[in-house]
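In what follows, a structure is listed as structure tokens, so that the remarks can point back to it.
The values are calculated or read from the model by the stated rules, or taken from the named source; none is laboratory data. What you are looking at is a predicted structure, and each value in this text was computed from that prediction instead of being measured. Backbone-built Cβ (ideal geometry, glycine too); neighbour counts: all protein chains shown.
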Amino acid sequence: MKTVLYPGSFDPFTNGHLDLVERAGQLFDRVVVAVAVNAAKSPMFTMQERCELIRLSCAGLDHVEVVAIDGLLVDSLDKYGAQAILRGLRAFSDFEYELQMALMNRTLRRNCETIFMMPTLKNSFVSSTLVKEVARLHGNFAEYVPPPVAAALRAKVGPEPR
Ligand code: PNS
């Protein structure tokens, strides 16, 4: 069975993330979405909320499993039987950070491969950070996130404008 670990903060899960999970399902038997701690970020949603929102957003996708991880990402690969890490690349600006992480992970664990996939053009500018900013400033955000996430954002920041 081919398994890939798809880590991220997912604060919150967006249509870009969903796009990648669906795409990865064409290549892997199992996609383990691993909600992880990014030490540089202060999340809006708790780990439990983020996991639950991903489960709701991926309902019906049989190849998807959602887990919360802590500690080093590379230590979760064996635990979940994953052969590789999956990360999304949207724009050139993502590249440097992703390259650093991929090489650091390979240093921490020999043979650790990171596979990059691009979302569809429509989702290529969507980021959790921008979605939260738009939501906090009461702009329209529903088209960028799955419906369960839109509902959770409304509960946090109030409704979008009419
Ligand atoms: O969605 P993000 O915030 O870009 O994801 C970054 C994440 C969570 C994948 C990264 O911070 C991470 O791997 N955290 C787990 C701890 C770890 O292994 N850090 C070293 C990364 S080289």
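Figures for the structure shown
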| item | result |
| --- | --- |
| Tabulated pairs, the stretch 98-113, first within 14 Å of LEU86 (Cα to Cα) and outside any loop (DSSP other than H, G, I, E, B), second among the basic types (Lys, Arg) and more than 8 Å from the ligand (Cβ to nearest atom), C-beta under 9 angstrom, 6+ apart or interchain | GLU113/ARG106 |
| Verdict on LEU72 being closer than 23 Å to PHE28 by Cβ and away from the ligand (no atom under 13 Å from the Cβ) | no |
| Residue in the stretch 5-28 that is over 18 Å from MET118 (Cβ atoms), free of Cβ contacts under 8 Å to residues at least 40 places away in the same chain and not acidic (Asp, Glu) present | no |
| Positions within the stretch 1-43 being among the charged types (D, E, K, R), crowded, with 16+ Cβ neighbours inside 10 Å and more than 10 Å from the ligand (Cβ to nearest atom), in sequence order | ASP19, GLU22, ARG23, ARG30 |
| Any hit, the stretch 87-101, residues being at pLDDT 95 or above, in contact with a Ser or Thr (Cβ under 8 Å, 6 or more places away or on another chain), closer than 21 Å to SER42 by Cβ and crowded, with 18+ Cβ neighbours inside 10 Å | no |
| Residue within the stretch 104-119 that is surrounded by 12 or more Cβ atoms within 10 Å (Cβ to Cβ), of a type in the set (Ser, Thr, Tyr) and within 14 Å of the ligand (Cβ to nearest atom) present | yes |
| THR46 vs. criteria over 14 Å from the mean Cα position of the chain (by Cα) and under 24 Å from ARG154 (Cα atoms) | yes |
| Residue among VAL134, VAL149 that alone is assigned to a helix (DSSP H, G or I), of a type in the set (Val, Ile, Thr), closer than 20 Å to ASP19 by Cβ and away from the ligand (no atom under 16 Å from the Cβ) | VAL134 |
